Structures are given as C-alpha cells and as structure tokens.
Amino acid sequence: MNIAPLNAKEKSPAAALDRHGYIFGLKLAASLSPQFHQAIFDDLGWRWEQFRLDSADIPNFLNLLQDPKCFVMLELSANNKP
C-alpha cells in the first residue's frame, strides 16, 4: 500500500492514477479502509487509490485536497476502538 506524501509540494504517488483520496487523521495504521476501497476500485476497473495520511496537519490536508484528481469521502471512526 502506498503512503501519501506528508507535504503537498512533494511528488505524489497519485500522479499515475486517474483519481485518489486520503484517509486523514491519527492512529490509522490499523485502518482497513484503504484495502477495502482498493478492492472495490480494482473490481470496477478504476485507476483510483486511497492513501493513509497519518497527520493532524489540517492546513496541509486541505492543500492536498486542491488537486483536481482528488476525490473526497467522509469516513468517521472512533479512536482507540478494539
């Protein structure tokens, strides 16, 4: 699984994709969301990917969302869930 750059000015691994998104927040290592969504994208034949962005840097995240190839999904999760 690719990891998104932490700085919006860095070259993104998303450049070769048609669309990309981010799962943003802290303590994301255990999240299955990227794998779950990748299975769907692959099944549909889409060149899309969702990257983990383990960060609390909201201004950087909002800057990353400015990429016209970025899709936005809202996902809510409880911290420290078992």
Long-range amide H partners of R52, meaning residues 5 or more apart or on another chain whose placed amide H is closer than 5 Å, are A4, I23
Amide H contacts under 5 Å for D67, restricted to residues at least 5 apart in sequence or on another chain and with H modeled in the peptide plane, are none
Counting other beta carbons within 10 Å of each residue's own, what order do F41, F36 fall into, fewest first?
F36, F41
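Read-outs throughout are calculated quantities, based only on the coordinates presented, and are distinct from any laboratory measurement. Because the structure is predicted, anything quoted here is derived from the model rather than measured. When we count neighbours, we look across all protein chains shown, and the Cβ atoms used for this are built from the backbone with ideal geometry, even at glycine.
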